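Working notes for the structure below.
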Amino acid sequence: MNGEGIKDPTADQAVANVMRKTSGLLFPKAGAKKKRRIRHPPSILQEKDGRCFLCMLLDDNNIYWPDLERHHVFGGPNRTASEEEGLTVYLCPRHHRTGPTGVHNSRKTDLIVKGYAEAAWEQNHTPEEFREKFGRNYL
Ligand SMILES: [Zn+2]
Ligand SMILES: [Zn+2]
């Protein structure tokens with residue numbers, strides 16, 4: 001990668017951090033460097049405050065749930081992109097998996113959520129960029 005072998009304070013800091021985490025070992029564990037780093041930003045679609053995205057959007061219901069489930073709006077091969085772009089929602093079990101209008105049971109619900117997510121993402125990107133990243137447009 002760029003800059004390998006060049007001494008810079010940031011790299012020294014990174015080494016110091018690893019040393020701290022490995023509690024005194026001289027070298028990080030084998031394989032520790034190979035892990036691909038992916039970003040895990042918060043959802044750009046809703047606050048994480050205990051409410052279900054679809055209870056609010058479809059039912060106008062602001063109920064708070066103790067057992068919300070996290071859903072990646074774009075799954076399959078786009079799951080990592082969903083994660084990295086904050087395109088995730090919190091859903092009650094009914095709206096996630098168990099109910100007839102749940103996002104995994106209803107194509108209609110799925111498309112509503114995907115369209116909402118694309119619109120939110122395109123506040124800062126173009127539809128072309130969306131298509132490149134997620135394969136197609138939903139708006
Ligand atoms: Zn719900
Ligand atoms: Zn899901």
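Restricting to region 91-103, count the residues that are more than 14 Å from TYR116 (Cβ to Cβ) and either surrounded by 14 or more Cβ atoms within 10 Å (Cβ to Cβ) or polar (S, T, N, Q) (or both). Residues in region 91-103 being more than 14 Å from TYR116 (Cβ to Cβ) and either surrounded by 14 or more Cβ atoms within 10 Å (Cβ to Cβ) or polar (S, T, N, Q) (or both): 9 in total.
Considering the conditions (1) in contact with a Pro (Cβ under 8 Å, 6 or more places away or on another chain); (2) away from ligand 2 (no atom under 12 Å from the Cβ); (3) modelled with pLDDT of 95 or more, PRO77 is excluded by exactly one of them, (1). Taken over region 55-64, the criterion of being outside any helix (DSSP H, G or I) and either within 15 Å of ligand 2 (Cβ to nearest atom) or of a type in the set (A, V, I, L, M) (or both) is satisfied by ILE63 alone. Residues that are within 14 Å of ligand 2 (Cβ to nearest atom) and surrounded by 19 or more Cβ atoms within 10 Å (Cβ to Cβ) were ranked within region 104-139; the one that is nearest to the chain's Cα centre (by Cα) is ALA117.
The values are calculated or read from the model by the stated rules, or taken from the named source; none is laboratory data. Remember, predicted model here, so these are calculated numbers, not experimental data. Virtual Cβ from ideal backbone geometry, glycine too; neighbours counted across all protein chains shown.
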